[in-house]
1. Accessible area of the range 79-229 with a 1.4 Å probe: how many percent of it is carbon plus sulfur?
2. Mind ranking Arg176, Arg58 by accessible surface for me, highest first, 1.4 Å probe?
3. Excluding ligands, DNA and RNA, what is the solvent-accessible area per residue of the chain at a probe of 1.4 Å, expressed in Å²?
4. Just to confirm the number: angle between the C-alpha axis of helix 76-86 and the first principal axis of the chain, 0 to 90 degrees, nearest 10?
5. Keeping every protein chain in place, order Ile112, Ile194 by accessible area at 1.4 Å, biggest value first, i.e. largest first.
6. Dimensions of the range 126-173 along principal axes (Cα, Å, largest first)?
7. Expressed as a fraction of 2.2 N^0.38 Å, the rule-of-thumb size for a compact globular protein of N residues, what is the C-alpha radius of gyration of the range 8-94?
8. When Lys and Arg each count +1 and Asp and Glu each count -1, what net charge do the other residues less than 14 Å away from Phe82, Cβ to Cβ, add up to?
Amino acid sequence: PLAFRAIGLSKVYRTGETEVHALRGVDLEIAAGDVLVLLGPSGSGKSTLLNIMGGLDRPTGGQVFFEGEELTGLDDAGLTRFRRSHVGFIFQFYNLIPSLTAEENVRLVTDIAERPLDPLAALELVGLGDRRTHYPAQLSGGEQQRVAVARAIAKQPEVLLCDEPTGALDSATGVRVLEALVRVNHELGTTLVIITHNSGIAAIADKVLHFLDGRIARIETNDNPVDPA
Ligand code: ADP
Ligand code: ADP
């Protein structure tokens, strides 16, 4: 089954007199359970696409479907419901609540989720079961990001959208975060879409989409590069 399907997506940002064409006709299909990496220079449209898939923003043209439902047909309340039930987000900065322990940060989500994971199980999945009573300031950057991963998966979303998840980390620490993400994909079957500037991360992907100027310039499947259809 497909997690996402996009047809002819375009996005134009208008600021006063100027227009920025962030997406210029993007078609894509993401199979449920896949790990997808979006690579490409700054400004090539990766975050714009991720925000549209996550229901944080709307395209100017084209259609997006999640599990067959057209997101572009939903009103704001519908998009909010979609986001709350189906999508987890990871950003470059972790945004943990400093006055709460790791486990309490995760509990903020599990207390209100429809089908929550056990908070400790979520922390154990990212290798932080023994850090559950630590506060963010007592954790390294990579550990804080793994708490953010535990928090994002705690409501068991079908999809995890990650915008530069290792962007603020050194490479050794970043690898631990990636290992946690791969483990989430294997154990929970969560579909992962990961934006990165680090081509090393592409090694973990089922597919790599290379962005250039608002378009998908090339798709690699495993290690067999193919032209987009
Ligand atoms: P990156 O390319 O690593 O995503 P950027 O510095 O290009 O980082 O952009 C960071 C964010 O700032 C973008 O995702 C977007 O939301 C916002 N942004 C970028 N350009 C503009 C702009 N011209 N006007 C308003 N917001 C912008
Ligand atoms: P990437 O994630 O590949 O760095 P983005 O999707 O952030 O690319 O940005 C694509 C283009 O859209 C860039 O030229 C950026 O400056 C512009 N942009 C992004 N967000 C905004 C915004 N909120 N307002 C105006 N321009 C934006």
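1. Answer for the range 79-229 is 47 percent, counting heavy atoms of protein chains only.
2. Highest to lowest solvent-accessible surface, that is Arg176, Arg58.
3. On a per-residue basis, the chain sits at 48 Å².
4. Compared with the principal axis, the helix lies near 50 degrees.
5. Numbers: Ile112 145, Ile194 0 Å².
Sorted descending by solvent-accessible area, the residues read Ile112, Ile194.
6. Here the Cα extents, ordered largest to smallest, are 30, 25, 15 Å.
7. So the Cα radius of gyration is 1.12 times the expected 2.2 N^0.38 Å.
8. Details: positive: Arg58, Arg81, Arg83, Arg84, Lys155; negative: Asp57, Glu67, Glu69, Glu70, Asp75, Asp76, Glu114, Glu158.
The answer is -3.
The values are calculated or read from the model by the stated rules, or taken from the named source; none is laboratory data. Only a predicted model underlies this, so the values are computations on that prediction, with no experimental measurement involved. Quick reminder, even Gly has a Cβ in these numbers, built from the backbone with ideal geometry, and neighbours come from all protein chains shown. Protein only, heavy atoms only, side chains kept; ligands, DNA and RNA dropped before computing areas. Shrake-Rupley method; radii C 1.70, N 1.55, O 1.52, S 1.80 Å.
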